[in-house]
Amino acid sequence: MEQQIFSSMPWLLPVILIAVIWESIWKLIALWKSARNDHLAWFICIAIFNTVGILPIIYLLIYRKKAEPIGAV
């Protein structure tokens, strides 16, 4: 059965591999930042749920550091 799926859709395996790599990169970055910011609830949610990078990206967008204005003391 498994062999039939990949032989009938040869593009499926590369798509799955790209999705796994994409998810892993975003998840690791978001887990690192949530741990450093002591956001335990975000850390747990990101660690548990596989959302193809959507949840980690949302976290990173919400809690990104704002750039200081030029000339600020």
Cβ crowding within 10 Å averaged over residues, with 27-40, 9-22 ranked highest first: 27-40, 9-22
Segment 2-62 - convex hull of the alpha-carbon atoms, volume per residue in Å³: 74
For Phe43, Phe6, ascending order of other Cβ atoms within 10 Å (fewest first) is Phe6, Phe43
How far apart, in nanometres, would the label points at Val20 and Ser7 be if each is projected 7 angstrom from Cα along the Cα-to-Cβ direction? 2.2
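Computed from the coordinates by the stated procedures, all read-outs in this text should not be read as laboratory data. What you are looking at is a predicted structure, and each value in this text was computed from that prediction instead of being measured. Glycine gets a Cβ as well: all are built from the backbone with ideal geometry, and neighbour counts include every protein chain shown.
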